[in-house]
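For reference, the structure is listed below as structure tokens.
The values are calculated or read from the model by the stated rules, or taken from the named source; none is laboratory data. These numbers were taken from a predicted model, which means no experiment stands behind them. FYI the Cβ positions are ideal-geometry reconstructions off the backbone, even for glycines, and counts take in every protein chain you see.
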Amino acid sequence: MSEPSSSDAYEETRPFRVRSSTAEWAAAILRQRVTQGGLLPGSRLVEDELTAELEVSRNTLREAFRLLGHERLLEHKLNRGVYVRVLSPADVADIYRVRRMIEGSAVRRPDQDPIALTALRDAVADAERAAAASRWLDVGTADLRYHQIIASLNGSQRVNAMMAQLLAELRLVFHTMDPRALHAPFLPRNRELLTLLESGRTAEAEDLLATYLDEAERLLLAAYAQARTS
């Protein structure tokens, strides 16, 4: 059996049932909806609707909920049901702590995958087209895909899986801010980081990424602070 290619890290296709158990497949569908902005923090998941839509049993859906609970995307509230998690400032700080480790190690590698670089170009172009059309939710989705590809430069399937879960959490954090205010400042930096990676200037890429992540974290934490006082 052949090993999965590095491009598996940034495929956006609907998950296939044949690759996993039915519960894992259902969890992958729901995780994808979180990552694409379709499930909002604090929203309740209705079992009857989802079992009918996904054509799975109630027990299978509950197992999918359990899996996503372990990933910190969902939470069960006693006598109330299952909800999409609302993340805290401490969650934001922890997400960015892990991102620095994963993405920092990725950009400093001297042997960047040309297939991944092509995928990065596509993600940047998709984000720029979406921004030009004022489709800021789509800009956020393209941005998450961009950073999933960055993580894939580590060459580890385990890191890819960890990053996918982390970015699903990050999408929940994104909802605390106006999407244009959040994403517009980072669009040119994504292209600049790509240019540095393409030219092999890894030290500069690492410095740019560190500044990028610091500023993004500050923006999001400021949005949380403002929400608490308003």
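D143 passes every criterion in (1) part of a helix (DSSP H, G or I); (2) farther than 17 Å from A223 by Cβ; (3) free of Cβ contacts under 8 Å to residues at least 60 places away in the same chain apart from (2). Would you check which residues across the stretch 65-77 are in contact with a Phe, Trp or Tyr (Cβ under 8 Å, 6 or more places away or on another chain) and in contact (Cβ under 8 Å) with a residue 24 or more places away in the chain and list them? Listed by number, the list holds a single entry, L74.
On the basis of being surrounded by fewer than 22 Cβ atoms within 10 Å (Cβ to Cβ) and touching a residue at least 12 places away in the same chain (Cβ under 8 Å), does A93 make the cut? So A93 fits the description; yes.
Checking the structure you have, find out if any residue of the stretch 98-105 is more than 21 Å from M177 (Cβ to Cβ), assigned by TED's automatic domain parsing to the domain that holds H147 and among the hydrophobic types (A, V, I, L, M, F, W, C). The answer is yes, given that some residue of the stretch 98-105 is more than 21 Å from M177 (Cβ to Cβ), assigned by TED's automatic domain parsing to the domain that holds H147 and among the hydrophobic types (A, V, I, L, M, F, W, C). With respect to (1) of a type outside the set (A, V, I, L, M, F, W, C); (2) surrounded by fewer than 20 Cβ atoms within 10 Å (Cβ to Cβ); (3) modelled with pLDDT of 95 or more, the lone exception for H183 is condition (2).
Comparison of L68, L40, L45 shows that the only residue that is closer than 16 Å to L166 by Cβ and touching a strand residue (DSSP E or B) at 6+ places or on another chain (Cβ under 7 Å) is L68.
If only residues of the stretch 137-162 that are at pLDDT 95 or above and among the hydrophobic types (A, V, I, L, M, F, W, C) are counted, the one that is surrounded by the fewest Cβ atoms within 10 Å (Cβ to Cβ) is V159.
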